[in-house]
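Read the figures in this text as sums done on the coordinates, not as results from a lab. Note that the coordinates shown come from a computational prediction; the quantities given were computed from them, not determined experimentally.
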Amino acid sequence: GEEEIYPFAFRKEEILQAAKRMKLSVNAFYILVTSLSLMAYNNVENVVFVWTFNGRSEIKAIRTVGLLLRDFPVALSLDKADTVDDAASSINRQIREAIMHGSITPFIDIKRGEMLDFLYQGDLLEIPDYNELIGIDTPGTQDETAIEPIELQLYEDEEGSRLQILYDAGLYRRESMDRFAMLFESVCRLLLKDTSGDMHTRDIVREVSG
């Protein structure tokens, strides 16, 4: 698989403030960003993809038996999420129900291997000796095939955020990854600037699509 890394200038504090304003976790904020970016990229009003839930918050427990790594779907429709507040509420509900009950939206038929997968890694890169603790590669050294046809991983550090895209080069071109990353960054900027949840989701998708 191929790997592309896109650094963004967004500070952790900015993202956290925006997420709190929308009553979202940072993970949920980026799931919202991913949803709207996919809509803009594909010129559609309904999207579904997979996000990875890590049930262990203690870094030293990452490699213990029973690690709670589960993949759950999330869906968003502009017909049912007219404003940013509507979209945030929908995503919050889906995340909460998935974590608590392992529930899956009834109309979704998950075919693994065909869905984009999003994983929020947070400040993993800033944890001392994290590489030895969990035995993974630093972004930029990944040379294994991506788990999904496209996998997004979002990292944060003191310099900002970075989006790592792992993808199957047999299915996608680098130019496509560049375009998606540009849309992702644009959606982030709009949500960071917005001071209320009344902003219409269609307006965001339309504006970033150009």
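Amide H contacts of I150 (H built 1.01 Å from N, in plane; Pro and chain starts excluded): D117 sit under 5 Å, all sequence-distant by 5 or more or on other chains.
Working note: Karplus 6.51/-1.76/1.60 with θ = phi - 60° gives region 169-178 the couplings 5, x, 10, 10, 9, 4, 4, 5, 5, 4 Hz, where Gly and Pro are set to x. The phi torsions of region 76-84, fed into the Karplus equation with coefficients 6.51, -1.76 and 1.60 and a -60° offset, translate into couplings of 9, 10, 5, 5, 9, 10, 5, 10, 4 Hz, rounded to whole numbers, with Gly and Pro shown as x. Overall shape: oblate for region 153-210, with the ratio a/c of the largest to smallest alpha carbon gyration tensor axis at 1.5 or above and b/c at least equal to a/b.
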